[in-house]
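To keep things clear, I will list the structure first and then write my remarks on it.
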Amino acid sequence: MSRPLLLDLFCGAGGAGMGYIQAGFDVVGVDIADQPDYPGTFIQADALEYLKEHAHKYDAVHTSPPCQASSALTKGTNQGREYLNLIPDTRLLLAQLTIPTIMENVQGSDLRRDMILCGEMFGLGVIRHRYFELSGFDYTVPAHIKHRGRVRGWRHGTYHDGPYLAVHGEGGGKGTVAEWQVAMGIDWTTNRKSIAEAIPPAYTQFIGRQLIYGQQ
């Protein structure tokens, strides 16, 4: 029996893509930048142009539009910089499809909060809240589990210990690449920037299993 085929747009190094692979999909990732570590089939192209031309080939589509315009981690340093917000254009194209679609982004983004996932729900060493806008399939939303403590690192000159790592940036007790890999559940790349921009595969494995097998 063939596996269903999912299109992973703005794929980066494949945090989302790996989760769908683990759930039972064959995955094709598309990104404007080369992604040599991508765990599925990779195509270097403009994501939205590819979607317009090839969406009919796929059983489902996942999108993770660039988040710098929305992220609380970059808003304070965005003065003088212009970041594209591709969420409206992506939403418009997804609305024209008759297959299941998923759009993912950071807290603070202009997404419907159909599902909010965090690392604590999956026993991970990160918090990493993410919003998911879901269409075309039934799904179950998990309960948000109380966090066990603080994110490890320096805050205003004081060091705080805790069970979670801050997987972004440099310094400040952010952790090693090896620690980030374990915390995120990512073992196929050692590229620090790629890991920092990814989502844990556990998130999309959870969604992907619902896509294939129905509500969990």
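So for the pair Asp37, His160, with labels modelled 7 Å out along Cα→Cβ, what separation do we get in nm?
Here the modelled spin labels are 2.8 nm apart.
Let me confirm the definition first: pairs of Lys residues in the chain, 8 or more apart or on different chains, C-alpha distance under 24 Å. How many are there?
4
Run the simple label-point estimate for Leu84 and Asp46 please: 7 Å along Cα→C-beta, distance reported in nm.
Here the modelled spin labels are 0.8 nm apart.
Please work out how much length the chain gains when fully extended from Val141 to Asp59, using 0.36 nm per residue of separation minus the C-alpha to C-alpha distance, in nm with one decimal.
Separation in residues times 0.36 nm, less the Cα-Cα distance, equals 27.3 nm.
Averaging sequence separations of C-alpha pairs under 8 Å and six or more residues apart, then dividing by the length of the range 9-51, give the relative contact order as a whole percent.
With pairs under 8 Å counted, the relative contact order is 40 percent.
Given R₀ = 35 Å, what would the calculated FRET efficiency be for Tyr213 paired with Val177, taking r from the Cβ atoms and rounding to 0.05?
Computed FRET efficiency for Tyr213 and Val177 comes out at 0.55.
How large is ³J(HN,Hα) for each residue in the range 121-134, as worked out from phi by the Karplus curve 6.51 cos²θ - 1.76 cosθ + 1.60 (θ = phi - 60°), to whole Hz, x for Gly and Pro?
Going residue by residue, I get 5, 10, x, 8, x, 9, 8, 6, 4, 9, 8, 10, 9, 10 Hz, with x marking Gly and Pro.
No lab work stands behind these numbers, since they all come straight from the coordinates. As the structure is a computational prediction, the values presented were derived from the model and not from experiment. Quick reminder, even Gly has a Cβ in these numbers, built from the backbone with ideal geometry, and neighbours come from all protein chains shown.
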